[in-house]
Amino acid sequence: MITYSKPPHPREHRLIFKNVDRQGWDTSIDCYLQDGGYEDLKKALGMEPKDITGEVKKSGLRGRGGAGFPTGMKWTFIPPNNTKPVYLICNCDESEPGTFKDRYIVHQDPHQLIEGMVISCFAVGAKIAYIYVREEFPQAAEILEKAIEDAREKNFVGKNVQGSGFDVEIYVHRGAGAYICGEETGLIESLEGKRPYPRIKPPYFPAALGLYMCPTIVNNVESLCHVKHIIRMGGDEYAKLGVPRNTGTRIIGVSGDVKKPGYFEIEVGKLTMRELLYELCGGPKDGREFKAVIPGGSSSKILRCDETFKIKGPDGSERSLDFMDIPLDFDTLAACGSMAGSGGVIVMDDSRKMSWVLNNLNSFYAHESCGQCTPCREGSMWMKKISDRIVDGDASPEDVETLESVAYQIDGKTVCAFGEASSWPVEAIIAKFREELVAETDPKNAEKPHNAESAAQRKFLAGESA
Amino acid sequence: MSVSPLQDSIASHETPGTKFFPPFEMTPELEAEIDERITHYPDSKRSATLPLLHIIQHKFGYLSAKSIEWVAKKLELEPIKVLEVVTFYPGFRQSAPGKFHIRVCRTLSCAMGGSGELMDRICELTGIDRSQSDSHHHPIAVSPCGRFSVEFAECLASCGTAPVCLVNDDFHEGVTAEKAEELLGKYKEEN
């Protein structure tokens, strides 16, 4: 019987977070082994690598980092005639605002990740793997290095793992505080010791041309942990969790204006927004009402809590769906015009001004744009300048239109998805809260200069000497 | 002593925190640690750029022109290849922070939880003036005594326990402005 210092909600289904907040649990390998740890690796080493990939494909597992791409399919993109070394990279850059799940895995259950990684390395034929840990997790880097060392001592990592003839080394690589390193090709550049400017796809799909131009599989922490459970349960059995096309469990992190924020591991698609926000998170704060929700990390498009969506089913039939009835899966959120992303749910109540929310996010993206592509580098900064004006009360109604047009000039025009990540919040907030934003503006502000330089220029043009 | 040719290219200046960090000097122990770290990248030494910079910054507080040149030489790179890494990543510094560097999360969930107020309170208690700071070029502000410095960080990935901050390598959660004094107290007595 497992007891927890912070007991999971009865609606949760704990697989990945089984050991998070578990009483008597620590990060040592002995603790992990006593709990049956590394048995799934032993099982996997007795299988054919292609059969492991087959199980992962059968499981229907979709990447938990943000894009929701099928993990097993990603693995099969390694060119079949490949003769170069293959690398596996665990993406532990967890930097999408609103996301806080990998933090608990790497701080509390490092061996689960290592076991999942070694199985995955064996499946794809990688002999060297890196865990790219964001710089802001200094303790996690230490915990992981210690865990790898202990796993090597017990021969779960290193030469001839458990007598299988398979060699694998895992190293921890720390980032240095840049959001763009969560983008897989930016991460690879960073791991090569460079500025993390993302590479253009095609041709640089990591599975074909990744680290050192060799085939490289980049998977999120949570996705790699799921691999271990897929091997234990079998792909078909795992696929019974969740709903079709949206299988397994996933960790949802709720933050912002709810009574009880936190992390919840749920079966994908088995809970609705209403159940998540009211049952698991205790509803809105006293005297408040829910206003808007960002459902999958700050880059996903915001949804109004009073919205009704018209969505098409797989058979082409149309139905309407209220926001609160949206099931928490990948496909329905996409049909509603947003995405499940990284599982980071940010909730705002009626005390929040959307201009302030927008400006906070614009500041984030202006700071984190890597600067490689002009539309994103310039656009993210201009979007921040305009939203600065809105929150300062210096904006005119046309500023809202300009802001919107800047956003639409970024997305689809950049090397990586940061372009979409930075412009979607602006596009969605304006589309859904246009009246509120315009109400904060004043047509008279169109006449005002925006800075000292333009004030001087106007004086000059008006014929007044400076 | 020779003047480093990189000296003019880096944004290094004296801060009240400088006195808490030793000047850059390579020792056999440190070089052994660095050599071991380089073995983690058997296919390309250049990959060790970030880890080496971390090891040096951790010990000397910031990355001086000399240390950047040392890393370049060690990895057989042109110094610009290291400098461009240092200037890109927010996690690398060219001047000394305070003895205790506080990074307060600025992003949405923490901002909703009051991280702006937390930053203001920390500055009030430590006498830090952030008026000359900006997020891109001068993110760090140091207290007059040099013991503390502050910087806004982007999402520290603990949105459910907002507001949060890092003090050197220690993570603190649920730090509302009312708890700022208690937080600083943990570091005031420590020498």
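Beta bridges from DSSP with both residues in chain A: antiparallel share about 50 percent, rounded to the nearest 5. Our estimate of slack between A:LYS50 and A:ASP392, defined as 0.36 nm per intervening residue step minus the Cα-Cα distance, is 117.3 nm. Name the residues of region B:98-134, by number, that are at least 10 Å² less accessible with every protein chain in place than in the isolated chain; the surface is that of heavy atoms, probe 1.4 Å, without ligands or nucleic acids. Residues passing the criterion (a loss of at least 10 Å², heavy atoms only) are B:ARG103, B:ARG106, B:THR107, B:LEU108, B:SER109, B:ALA111, B:MET112. Within the listed set B:ASP170, B:ASP134, B:ASP35, the residue fluctuating most in the Gaussian network model of chain B (springs between alpha-carbon atoms under 10 angstrom) is B:ASP170.
Annotation for region A:357-410: trypsin sites (Lys or Arg not before Pro) lying in DSSP loop with at most 11 further Cβ atoms inside 10 Å of their Cβ do not exist.
Buried on complex formation within region A:158-191 (loss of at least 30 square angstrom of accessible surface versus the isolated chain, 1.4 Å probe, ligands and nucleic acids ignored): A:TYR171, A:HIS173, A:ARG174, A:ALA176. Over both sides of the B-A contact, add up the buried accessible area with a 1.4 Å probe and give it to the nearest 100 Å². That pair hides around 4000 Å² of surface in total. Amide H to amide H distances under 5 Å link B:LYS99 with B:ARG147, B:PHE148, where only residues 5 or more positions off or on other chains count and H is placed in the peptide plane. Centre-to-centre, using Cα atoms only, region A:29-55 and region B:33-77 are separated by 36 Å.
In region B:37-57, the residues that give up 50 Å² or more of accessible area when the other protein chains are added, compared with the chain on its own (1.4 Å probe), are B:HIS40, B:TYR41, B:ASP43, B:ARG46, B:SER47, B:LEU50, B:HIS54. Note on chain A: dipole from Cβ charges, positive end direction compared against A:THR27, A:VAL221, A:GLY234; the farthest Cα belongs to A:GLY234. How high is the FRET efficiency from A:PHE77 to B:CYS145, r the C-beta distance, R0 60 Å, rounded to 0.05? Approximately 0.60, to the nearest 0.05. Unpaired cysteine residues in chain B (no second Cys Cβ under 4.7 Å): B:CYS123, B:CYS145, B:CYS155, B:CYS159, B:CYS165. If only the Cβ of Lys and Arg carry +1 and only the Cβ of Asp and Glu carry -1, the dipole of the protein assembly as shown around its Cα centre is close to 1020 debye. Using the 1.4 Å probe convention, the accessible area of the protein assembly as shown works out to 41 Å² per residue with neighbouring protein chains retained.
How far is helix A:354-368 tilted, in degrees, relative to the longest principal axis of the Cα atoms in chain A, given as a value from 0 to 90 rounded to the nearest 10? Tilt relative to chain A: about 60 degrees.
Taking the alpha-carbon centroid of each part, what is the distance from region A:400-466 to region A:137-170 in angstrom? Centre-to-centre (Cα) distance: 51 Å. For GluC sites (Glu not before Pro), the sites in region B:57-88 that DSSP calls loop and that have at most 12 other Cβ atoms within 10 Å are B:GLU76. Given A:LYS310/A:LYS432; B:LYS59/B:LYS99; A:LYS74/A:LYS154; A:LYS240/A:LYS301; A:LYS240/A:LYS310, which pairs have Cα atoms separated by over 19 Å? Beyond 19 Å: A:LYS74/A:LYS154; A:LYS240/A:LYS301; A:LYS240/A:LYS310. Placing +1 on each Lys and Arg Cβ and -1 on each Asp and Glu Cβ, with no other charges, gives region B:57-163 a dipole about its Cα centre of roughly 420 debye. Seen from A:PRO284, the other residues with C-beta closer than 15 Å to its C-beta sum to a net charge of 0, counting Lys and Arg as +1 and Asp and Glu as -1. Its Cα centre serving as origin, region B:20-88 has a Cβ charge dipole (Lys and Arg +1, Asp and Glu -1) of approximately 180 debye. State the percentage of accessible surface on the protein assembly as shown attributable to carbon and sulfur atoms; use a 1.4 Å probe and exclude ligands, DNA and RNA. Carbon and sulfur atoms account for 51 percent of the accessible area of the protein assembly as shown.
Between 0 and 90 degrees, the angle of helix A:374-392 with respect to the longest Cα principal axis of chain A falls at about 60 degrees. Spatial offset of region A:196-240 relative to region B:97-169 amounts to 35 Å, using the alpha carbon center of each.
Placing a pseudo-label 7 Å from each Cα along the Cα-to-Cβ vector at B:ASP43 and A:MET213 gives an inter-label distance of 1.3 nm.
The values are calculated or read from the model by the stated rules, or taken from the named source; none is laboratory data. Note that the coordinates shown come from a computational prediction; the quantities given were computed from them, not determined experimentally. Neighbour counts run over all protein chains shown; Cβ positions are idealised from the backbone, glycine included. Ligands, DNA and RNA are stripped out before the accessible areas are found, and what is left, the full protein with its side chains, is counted by its heavy atoms. Shrake-Rupley method; radii C 1.70, N 1.55, O 1.52, S 1.80 Å.
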